[in-house]
Amino acid sequence: MPRDPLIGLVGKPSAGKSSTLNSLTDASSKVGNFPFTTIDPQRAIGYLQIDCACTRYNLTDKCKPNYGSCVNGRRSVPIELLDVAGLVPGAHEGKGLGNKFLDDLRHADALIHVVDASGTTDAEGKVTRGYDPSVDIAWLRSEIVAWIRGNLMTKWGSIKRRHIAVKATAVETLQNQFSGYGSTSAVVARTLDKLGLKEPLEEWSDETIDRVVNAFTDEKFPTVIALNKIDHPDADKNIAKIAKQQDPNSIVLCSAISEIFLRKMAKQGYIRYTEGSEFVDTREDLIADGDPDGGGLKELDEKNKNRIENLKDMVLYRFGSTGVVHVLTKAAEILGLVPVFPVRNIATFGAGGVGEGTGSNKGVFRDCVLVKKGSTVGDVARKVMGDAPIAYIEGAGGLRVAEDQLVAVGKNDILSFKVGK
C-alpha cells in the first residue's frame with residue numbers, strides 16, 4: 001500500500017529546528033480529535049493547512065474531521081514529521097551523529113532545512129556574529145551528494161559488470177543501488193529522463209556519475225529552505241544573498257519563536273490570533289473597534305504589550321505572517337500532495353449509511369488523506385481500504401470512476417469505495 005508522506009526537518013544546532021518543529025506540531029489550537037502526538041522521540045504529527053471540500057458544498061458548519069480540524073473551510077490535516085538530528089559538516093564521513101543522520105534522512109520524501117538567517121551561529125551552532133548562512137545550505141546538499149556518490153563509487157566496478165552480465169536497463173541497475181535511500185524505479189526514471197543521457201551506463205565518466213547523483217538528490221530529496229529568525233537585524237542582508245543563489249520557490253521566510261509566542265498568548269486568553277495570519281487583536285484593539293468587553297480577552301502587561309507591537313511591526317506587517325504555516329504548505333507543494341476525501345455516503349458526504357442526512361451529528365468529510373501528484377483512484381483505494389475487495393468506486397455526484405483515473409484537487413478527490421466482488 002502507498003505509505004503516508006514523511007517530511008524531514010534538518011538543521012544545525014541552534015538554527016531553530018526544535019522551535020520550528022514545535023510550532024508545526026502544536027495542536028493547542030486544534031478543535032478536532034487529533035491531539036499532538038510524538039510517535040517516537042524523532043517523529044511527530046504536524047498540521048498542513050488546506051482548503052477543505054466542505055466549502056464547495058456550503059457545508060462548513062457540518063464539517064467534523066476525525067483528525068485535525070476544519071474552521072470555516074480551512075482544514076488542518078495531520079502529516080508525519082521526522083526530526084533528523086546530527087547535522088554537522090563531515091556527516092558523510094561519520095562525524096558527529098553523521099551515520100545516524102544520513103540513515104534517518106533516507107526515510108524522508110522531502111526535507112525542510114531550517115537555516116539561521118541571522119548569521120549569529122556558526123557551522124557547529126556556536127554563538128557568533130556575521131556568519132554566512134548560505135554556507136549551511138551548500139554543505140547540507142554536499143553532504144547528501146557525497147554520501148550517495150561515495151556509496152556508489154565504492155562498488156562501481158562490480159555494478160558495471162553485473163549490469164552488462166544481466167543486460168539490465170540503467171533504471172534497473174540504479175534502482176538496485178538507490179533503493180536503500182527510499183527510492184523507486186519511477187524516481188530513478190525521472191532522474192535519467194531529465195538528464196537525457198545518450199551513453200550506456202557502463203561507459204559513464206566520473207562527470208556523468210556526478211550529474212546523475214546530483215539529479216537523483218534533487219528528485220529524491222526536494223528541499224524547502226526555511227530561513228528562520230527573520231526578525232533579527234542582520235537577517236536582511238543574508239536573505240538577499242540567499243535569494244540570489246537559490247530557487248525563490250524553495251524559500252520560506254519564518255520566525256518560529258514568534259509563532260510559538262503568539263499561540264501561547266492566544267491560548268492563555270491575552271490575544272486573538274489565527275495561526276498563519278498577519279493579524280493579532282489585543283483587548284485594547286477590540287475595545288477601540290467598538291467591543292466594550294474587548295472580546296473577553298485579558299489585559300496585557302507593558303512588557304508583553306510592547307513585545308506584541310514589535311512583533312507586529314518586525315514580522316507580521318512586514319512579511320505577512322510568521323511564515324511557519326507556509327513551511328509545511330511549501331513542502332506539500334514541492335511534493336505535489338493532493339488531499340482526497342474518502343466518504344461512505346457519496347450523496348451526503350457522511351460516514352454513515354443511506355439514511356444519514358447532511359444534518360447528522362456525525363458530520364461530513366470526516367476523513368482526508370494526502371496522496372502524491374500522479375496518484376490514481378486505485379492508489380487511493382489501496383491506501384484507504386488496504387486489501388479489501390472493491391466492487392466499484394463512486395465520485396461526487398454518484399458517478400462511477402475507474403481505478404486508473406488520476407486524482408487532483410477538484411477532480412476525483414471525493415471518493416466512496418464499495419466493498420464486494
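The values are calculated or read from the model by the stated rules, or taken from the named source; none is laboratory data. All of these numbers come straight from a predicted model, not from anything done at the bench. As a convention, Cβ positions derive from the backbone with ideal geometry for all residues, glycine included, and neighbour counts pool all protein chains shown. Just the protein is used for accessible areas: all its heavy atoms, side chains included, with ligands, DNA and RNA removed. Shrake-Rupley method; radii C 1.70, N 1.55, O 1.52, S 1.80 Å.
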**OP:** Could you please tell me which pairs satisfy a Cβ distance under 8 Å, a separation of 6+ or placement on different chains, a first residue in the stretch 220-242 that is in contact (Cβ under 8 Å) with a residue 60 or more places away in the chain, and a second residue that is among the basic types (K, R) and not in a loop (DSSP other than H, G, I, E, B)?
**Re:** T223/R141; V224/K330
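Can you tell me which residues in the stretch 280-325 are in contact with a Cys (Cβ under 8 Å, 6 or more places away or on another chain) and not in a helix (DSSP H, G or I)?
T322, G323 - these are the residues of the stretch 280-325 that are in contact with a Cys (Cβ under 8 Å, 6 or more places away or on another chain) and not in a helix (DSSP H, G or I).
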Subject >> Neighbours by Cβ (under 8 Å, 6+ apart or cross-chain): first from the stretch 178-204, farther than 25 Å from H107 by Cα and free of Cβ contacts under 8 Å to residues at least 24 places away in the same chain; second surrounded by 13 or more Cβ atoms within 10 Å (Cβ to Cβ) and hydrophobic (A, V, I, L, M, F, W, C) >> reply: W204/L197; W204/V212
Original post:
For residues in the stretch 252-274 being charged (D, E, K, R) and crowded, with 20+ Cβ neighbours inside 10 Å, which is nearest to L227 (Cα to Cα)?
Top reply: E259
Original post:
Can you spot a residue in the stretch 372-383 that is modelled with pLDDT of 95 or more, over 30 Å from R190 (Cβ atoms) and touching a strand residue (DSSP E or B) at 6+ places or on another chain (Cβ under 7 Å)?
Top reply: no
Original post:
With respect to N304, is the statement that it is more than 30 Å from Y57 (Cα to Cα) and of a type in the set (S, T, N, Q) true?
Top reply: yes
Original post:
Among strands (runs of 3 or more DSSP E) lying entirely in the stretch 1-105, which contain 1 or more residues that are of a type in the set (V, I, T) and at pLDDT 90 or above?
Top reply: 6-10, 43-51, 69-71, 74-83
Original post:
Restricting attention to the stretch 169-181, does a residue exist that is at pLDDT 95 or above, surrounded by 16 or more Cβ atoms within 10 Å (Cβ to Cβ) and in contact with a Lys or Arg (Cβ under 6 Å, 6 or more places away or on another chain)?
Top reply: no
Subject >> Matching residues in the stretch 383-412 - criterion: being open to solvent by less than 60 Å² (accessible area, probe 1.4 Å), more than 17 Å from N345 (Cβ to Cβ) and within 29 Å of the chain's Cα centre (by Cα) >> reply: K383, G386, V407, A408, G410, N412
Original post:
If you take the residues in the stretch 49-62 that are open to solvent by less than 60 Å² (accessible area, probe 1.4 Å) and under 25 Å from K330 (Cβ atoms), which one is farthest from the chain's Cα centre (by Cα)?
Top reply: C54
Original post:
Looking at the stretch 147-168, which of its residues are small (G, A, S) and either out of contact with any helix residue (DSSP H, G or I) (no Cβ under 7 Å at 6 or more places or on another chain) or open to solvent by 70 Å² or more (accessible area, probe 1.4 Å) (or both)?
Top reply: G157, S158, A165, A168
Subject >> Selection status of N249, outside any strand (DSSP E or B), polar (S, T, N, Q), farther than 30 Å from I137 by Cβ and open to solvent by 60 Å² or more (accessible area, probe 1.4 Å) >> reply: no
Original post:
Within the stretch 307-354, can you find the residues that are small (G, A, S) and open to solvent by less than 50 Å² (accessible area, probe 1.4 Å)?
Top reply: G320, S321, G323, A331, A332, G336, G350, A351, G352, G353
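Looking at K198, K194 in this structure, which one is open to solvent by 20 Å² or more (accessible area, probe 1.4 Å) and part of a helix (DSSP H, G or I)?
On the way: K198 fails: part of a helix (DSSP H, G or I).
Exactly one residue qualifies, and that residue is K194.
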Original post:
Are any of the residues in the stretch 139-146 open to solvent by 10 Å² or more (accessible area, probe 1.4 Å), among the aromatic types (F, W, Y) and either in contact with a His (Cβ under 9 Å, 6 or more places away or on another chain) or at pLDDT below 95 (or both)?
Top reply: yes
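Please work out which residue is modelled with the highest pLDDT, limiting yourself to the stretch 218-237 and to residues that are assigned to a helix (DSSP H, G or I) and buried (at least 20 other Cβ atoms within 10 Å of the Cβ).
Among those that are assigned to a helix (DSSP H, G or I) and buried (at least 20 other Cβ atoms within 10 Å of the Cβ), it is A235.
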